[in-house]
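To keep things clear, I will list the structure first and then write my remarks on it.
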Amino acid sequence: MGSFILTPILAFFGVFGYAMYTADPEAISIGSISASQWVEYNGYNSKTLSVMLQSQLMAVESVVKTKRGLKYTSEDKVRDKAVEVMADSLQIGKPIKAIQTTLGMIPLQVGGSVVENGKSIYLYLTAYASNGAVYKVKCSIPENDNIETLMKDGVLALLEQVDPFVVADYWFQTEKKGGDFTNTRRTIRDGLIKANKNDVSWYYDLLGQVFQAEGHYEQAILNYQQALAVNPNLHRPHVHWAQTFIKLGKLKDAEHQLDVAKSLNPTDSDIYQIQGAVYQLEGEPIKAMNAYAEALKVNPLDADSYRDWALVLQARGRIDDAVEAMRRAIYIDPKNKSFQNTLNDILTREDQSFKDLAENVKQNEAPKPDSTAKK
């Protein structure tokens with residue numbers, strides 16, 4: 001009798017324990033996005049819309065590069081897959097989700113709808129945070145526009161409420177190629193007005209990066225100093241300050257800023273990568289290679305350090321090693337077109353070197369005219 005009573009109790013705690021284990025402490029859970037009849041008739045049912053919203057969230061996350069970290073991220077796909085596998089055999093997927101929801105283990109749950117109204121299509125989102133906060137989003141596009149655009153606008157509008165600094169960094173990463181920082185400045189300005197104390201220094205640091213990208217180096221430095229005045233323990237302003245000194249040709253000052261950054265956070269691979277760049281400018285390729293090696297020791301997935309290391313190896317004639325380093329960079333970040341271009345350039349130069357060598361050999365082996373021949 002006791003075993004019959006004990007078994008369901010153990011089963012409950014087993015499921016409960018798995019729910020605890022699989023709950024992602026930073027996950028945004030995308031639920032159902034319902035579709036009106038007109039929207040569904042045009043090929044967008046509820047599941048499709050949910051996947052599209054999830055995809056846009058992940059796309060935004062892939063652009064953001066801030067070292068501050070994200071307050072919320074998309075759900076862990078590995079965990080979801082594990083739940084699916086268990087659900088197939090034990091039919092416990094729904095109980096796990098119910099336990100996580102009931103106990104507030106899912107920090108942010110998002111649901112909504114897509115409907116047409118006149119000549120526009122509207123996206124309505126409601127997000128419920130585990131701390132009791134509720135966020136609402138309403139955005140629209142013309143009926144002939146792309147639904148992907150609507151989903152992207154919805155994700156950014158939601159994130160502007162729940163984690164606005166991430167949106168500011170997203171716009172900075174997106175706009176720096178074109179040099180027009182309209183959205184970046186807007187989100188930084190709004191962030192400085194509304195931000196909690198912990199984020200103020202990050203906004204000043206980001207504004208410094210905007211000025212640096214525009215070539216206004218003195219203003220950039222002023223903002224890095226402002227960031228450090230708010231939070232003296234933040235190491236990233238020192239890293240960016242070093243980059244500004246490099247632009248100004250003040251390499252020793254750059255080294256000093258990197259040393260300070262390293263003392264505050266020795267686990268940031270960017271410090272060693274930038275240090276390698278300084279050594280290269282100082283004509284110290286061996287020191288540069290050691291710096292890149294240190295960056296990769298701290299972060300084996302630092303694709304930029306592999307790229308910079310490859311360029312030093314190429315300059316020293318170690319073409320095979322340079323190619324291998326670039327292949328690793330591409331493996332880590334396959335979407336970075338500049339990495340493939342760098343690899344192609346290394347291979348092209350190697351081919352040209354072989355052609356030049358072959359031409360020299362051919363010229364040396366060519367028969368010389370006989371000076372004793374009768375004319």
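More than 23 Å from residue 263 (Cα to Cα) and surrounded by 21 or more Cβ atoms within 10 Å (Cβ to Cβ) - does that describe any residue in the range 193-209? The answer is yes, given that some residue of the range 193-209 is more than 23 Å from residue 263 (Cα to Cα) and surrounded by 21 or more Cβ atoms within 10 Å (Cβ to Cβ). In the range 139-208, counting only helices (runs of 4 or more DSSP H) that sit wholly within it, the ones holding 1 or more residues that are in contact with a helix residue (DSSP H, G or I) (Cβ under 9 Å, 6 or more places away or on another chain), more than 16 Å from residue 121 (Cβ to Cβ) and aromatic (Phe, Trp, Tyr) span 164-175. Does the range 153-162 contain any residue that is under 24 Å from the mean Cα position of the chain (by Cα) and either of a type in the set (Gly, Ala, Ser) or closer than 17 Å to residue 46 by Cβ (or both)? So far as the range 153-162 goes, yes, one or more of its residues are under 24 Å from the mean Cα position of the chain (by Cα) and either of a type in the set (Gly, Ala, Ser) or closer than 17 Å to residue 46 by Cβ (or both). Quick one: is residue 277 within 21 Å of the chain's Cα centre (by Cα) and open to solvent by less than 50 Å² (accessible area, probe 1.4 Å)? No; evaluated as a whole, the condition is false for this residue. Scanning the range 209-236 for residues that are under 23 Å from residue 177 (Cβ atoms), in contact (Cβ under 8 Å) with a residue 12 or more places away in the chain, in a helix (DSSP H, G or I) and not small (Gly, Ala, Ser) yields 209, 210, 211, 212, 217, 223, 224, 236.
Residues that are under 24 Å from residue 277 (Cα atoms), acidic (Asp, Glu) and modelled with pLDDT of 95 or more are absent from the range 170-186 altogether.
Of all residues in the range 289-308, those satisfying the criterion of being surrounded by fewer than 24 Cβ atoms within 10 Å (Cβ to Cβ), within 23 Å of the chain's Cα centre (by Cα), of a type in the set (A, V, I, L, M, F, W, C) and part of a helix (DSSP H, G or I) are 293, 296, 298, 303.
Residues considered: 254, 261. Of these, the only one that is over 24 Å from residue 192 (Cβ atoms), of a type in the set (A, V, I, L, M, F, W, C) and either assigned to a helix (DSSP H, G or I) or open to solvent by 20 Å² or more (accessible area, probe 1.4 Å) (or both) is 254. Would the range 309-318 turn up any residue that is of a type in the set (D, E, K, R) and part of a helix (DSSP H, G or I)? Scanning the range 309-318 turns up no residue that is of a type in the set (D, E, K, R) and part of a helix (DSSP H, G or I).
Suppose the filter is of a type in the set (Asp, Glu) and under 21 Å from residue 242 (Cα atoms); does residue 294 pass it?
Considered against the rule, which asks whether it is of a type in the set (Asp, Glu) and under 21 Å from residue 242 (Cα atoms), residue 294 comes out as yes.
Within the range 42-68, the set of residues being open to solvent by less than 60 Å² (accessible area, probe 1.4 Å), within 10 Å of the chain's Cα centre (by Cα) and small (Gly, Ala, Ser) comprises just one member, 59. Taking the conditions exactly as written (farther than 30 Å from residue 209 by Cα and either touching a residue at least 24 places away in the same chain (Cβ under 8 Å) or surrounded by fewer than 17 Cβ atoms within 10 Å (Cβ to Cβ) (or both)), does residue 156 satisfy them or not? In short, no.
The values are calculated or read from the model by the stated rules, or taken from the named source; none is laboratory data. All figures in this text were calculated on a predicted structure; none of them were measured in a lab. All Cβ positions, even for glycine, are placed from backbone atoms using ideal geometry, and neighbour counts span all protein chains on display. What goes into the accessible areas is simple: the full protein's heavy atoms, side chains included, and nothing from ligands, DNA or RNA. Shrake-Rupley method; radii C 1.70, N 1.55, O 1.52, S 1.80 Å.
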